[in-house]
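Asks: I am attaching a structure below and will ask some questions about it afterwards.
Nothing in this text is a laboratory measurement; each read-out follows from the coordinates by a stated rule. The structure displayed is predicted, hence computed values, not measured ones. So basically every Cβ, Gly included, is an ideal-geometry build from the backbone, and we count neighbours across all protein chains shown.
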Amino acid sequence: MLKSIKQRTLSAANSAGVLSLARGSAWRGRRLLILGYHGVSTDDEHEWDSELYIPPSLLRERFDTLRAGGYRVLPLADAIRQLYDGSLPSRAVSITFDDGAYDFLVRALPILEDFGYPATVYLTTYYSRFQRPVFNTMLRYLLWKARDRALRTSGLTGDSAVLPLASREDREAAFDALARACIAQRMSGSDKDGVLATVAERLDIDYFDLIRRRFLHLMAPDEVARLPRKLVDVQLHTHRHRVPADAAGFEREIADNRREIAAMTGLGAHHTAHFCYPSGVTHPSFPGWLRQLGVTSATTCFPGIASTKSDPLLLPRLIDTMNVSRLEFEGWLSGASAFLPRRPVRASAPI
């Protein structure tokens with residue numbers, strides 16, 4: 001219902017020329033829209049999860065919209081500095097990608113290069129070093145891929161059952177049972193990868209073909225090192241894609257992430273001063289901890305457009321998905337959508 005109301009409101013505003021006026025307004029000129037993306041499909045990922053993955057054709061369409069609207073796509077670090085010192089150009093936009101997936105390298109980067117648009121990649125580094133599929137993401141994908149089948153759990157969950165996979169609820173129940181078993185057994189990354197291989201075999205899915213294609217992998221360290229530095233800035237997203245609620249654990253995640261990124265890029269640890277909250281998880285303590293660690297900006301998954309009143313360590317973003325219509329996208333670019341009611345957008349499946 002809310003989405004329908006927003007669509008009708010935006011359609012009427014567009015017909016009346018309101019979006020065009022907002023786009024060129026002084027109000028919009030003092031604000032920065034930060035776009036957030038996750039995966040760009042190499043196969044059917046967007047059919048599986050339309051909140052996490054978009055097809056390359058849609059990303060190209062979005063960039064066409066940016067270019068046609070005269071938007072200035074700025075490196076995130078420059079844009080944030082200019083936002084707060086009052087030198088931001090009109091129609092400013094920055095582009096971010098979370099996690100550092102392999103699909104960024106093979107699908108998103110060529111499109112960025114075609115348009116000459118800079119982007120920030122928030123890299124979670126554990127799965128960059130451990131070159132296997134991201135466990136939670138791959139497990140959910142396998143269960144979806146086999147939604148016309150059932151899974152035998154003997155040897156996987158401590159009991160023997162046959163779990164249906166037909167509905168979303170069925171698949172989430174199966175995911176929870178398998179994930180809980182992995183946690184209870186304190187499995188290593190290699191152990192969990194063995195679980196994925198077993199699940200795939202039982203569901204008659206060629207797991208080794210997925211491995212060969214680097215499906216649901218992150219970029220490897222050498223691939224991160226080869227990213228064009230004039231176009232792609234690699235920044236913090238924690239090492240293990242989690243934000244511990246204790247200060248020591250939180251600091252360790254940032255320190256490990258920072259050390260790994262510095263090793264991959266050859267840039268000093270001081271270079272990593274920008275952060276994205278994994279899965280959009282925030283807590284009142286986090287901005288203070290980040291500030292003590294020398295982090296100067298942090299993006300959230302709260303939809304909005306940043307102004308000088310925004311806390312630089314709780315910056316809003318538009319998480320752009322297949323469920324965002326072209327009109328909604330243009331509404332956010334112009335700034336008009338900032339005045340409409342909205343719901344939070346899920347950031348990502350936990351890694």
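Asks: Can you give me the Rg/Rh ratio for the range 135-212, using Cα atoms for both radii and the Kirkwood formula for Rh?
Replies: Values: Rg = 11.4 Å, Rh = 12.4 Å.
Answer for the range 135-212: 0.92.
Asks: While we're on this one: Expected output is a single nm value to one decimal: the length gained when fully extending between A12 and D176, i.e. 0.36 nm times separation in residues minus the C-alpha distance. What is it?
Replies: Roughly 54.6 nm would be gained on extension.
Asks: Placing unit charges on C-beta atoms (Lys and Arg positive, Asp and Glu negative, everything else neutral), compute the dipole magnitude of the range 135-212 about its Cα centre in debye, rounded to 20.
Replies: Around 100 debye, computed over the range 135-212.
Asks: As an exercise, use a Förster radius of 41 Å and the Cβ-Cβ distance of H283 and L21 to find the FRET efficiency, rounded to the nearest 0.05.
Replies: Plugging the Cβ-Cβ distance into 1/(1 + (r/R0)^6) gives 0.60.
Asks: Under the classification rounded if a/c is under 1.5, otherwise prolate if a/b is larger than b/c and oblate if not, where does the range 185-226 fall, given a ≥ b ≥ c as square roots of the Cα gyration tensor eigenvalues?
Replies: Oblate, since a/c reaches 1.5 and b/c is not below a/b.
Asks: Which of H237, H283, H274 moves the most in a Gaussian network model of the chain with Cα springs under 10 Å?
Replies: Highest fluctuation among the options: H283.
Asks: Over all pairs of distinct alpha carbons, what does the Kirkwood formula give as the hydrodynamic radius of the chain, in Å?
Replies: Numbers: mean 1/r = 0.0472 Å⁻¹.
So the Kirkwood estimate lands at 21.2 Å.
Asks: Also, I was wondering about something else. Quick check of the Kirkwood formula: for the range 219-351, what is the inverse mean of 1/r over all pairs of different Cα atoms, in Å?
Replies: Kirkwood hydrodynamic radius for the range 219-351: 16.2 Å.
Asks: On a full-extension model of 0.36 nm per residue, what is the gain between R149 and S57, subtracting their alpha-carbon distance, rounded to one decimal in nm? Please list the in-between numbers first.
Replies: On the way: separation 92, 0.36 × 92 = 33.12 nm, distance 3.10 nm.
Result for the pair: 30.0 nm of gain on full extension.
Asks: Who wins for biggest fluctuation among G189, G116, G158 in a Gaussian network model of the chain, springs between alpha carbons below 10 Å?
Replies: Top of the fluctuation ranking is G158.
Asks: Once the dipole of the chain is set up with Lys and Arg at +1 and Asp and Glu at -1 on Cβ about the Cα centre, which of T125, S87, Y71 lies farthest towards its positive end?
Replies: S87
Asks: Work out Dmax and Rg for the range 99-241 from the C-alpha atoms and quote the Rg first, both in angstrom.
Replies: 17.2, 54
Asks: At H271 and S4, where each label point lies 7 Å from the Cα along Cα→Cβ, what is the point-to-point distance in nanometres?
Replies: Placing both labels 7 Å along Cα→Cβ, they lie 5.1 nm apart.
Asks: Quick one: dipole size for the chain, taken about the Cα centre, charges +1 on Lys/Arg Cβ and -1 on Asp/Glu Cβ, in debye to the nearest 20.
Replies: Dipole magnitude for the chain comes out near 1000 debye.
Asks: The range 1-75: Rg/Rh from Cα coordinates, Kirkwood Rh?
Replies: Ratio value, two decimals: 1.03.
Asks: Still on this structure, I have one more. So what are the ³J(HN,Hα) numbers for the range 91-108, from phi and the Karplus equation (6.51, -1.76, 1.60; θ = phi - 60°), rounded to whole Hz, Gly and Pro as x?
Replies: My calculation for the range 91-108 gives 6, 7, 9, 10, 10, 10, 10, 8, 5, x, 5, 4, 5, 4, 5, 8, 10, 6 Hz in order.
Asks: Ranked highest first by average number of other Cβ atoms within 10 Å, how do 313-321, 84-92 line up?
Replies: 313-321, 84-92
Asks: Which whole-number percentage describes the relative contact order of the chain, with Cα contacts under 8 Å and a sequence gap of 6 or more?
Replies: Reported relative contact order: 24 percent.
Asks: Tell me, what HN-Hα J-couplings in whole Hz come from the Karplus equation 6.51 cos²θ - 1.76 cosθ + 1.60 at θ = phi - 60° for each residue of the range 323-333, using x for Gly and Pro?
Replies: 7, 8, 5, 4, 5, 5, 4, 5, x, 6, 4
Asks: Same structure, new question: Please give the calculated 222 nm ellipticity per residue for the chain, where each DSSP H segment of at least 4 residues contributes -39500 (n - 2.57) and the sum is spread over every residue; nearest 500 deg cm²/dmol?
Replies: -12500 deg cm²/dmol
Asks: Here's another thing I want to ask about it. Amide H neighbours of S94 under 5 Å, at least 5 residues apart or on other chains, H built in the peptide plane: list them.
Replies: L33, I34, L35, L74
Asks: T65 versus R229, label points 7 Å from Cα toward the beta carbon: distance in nm?
Replies: Reported label-point gap for T65 and R229 is 3.4 nm.
Asks: What FRET efficiency do you get for D44 and R212 if R0 is 25 Å and r is their Cβ-Cβ distance, rounded to the nearest 0.05? Spell out each step's value before the answer.
Replies: Values: r = 17 Å, r/R0 = 0.67.
Efficiency, rounded to the nearest 0.05: 0.90.
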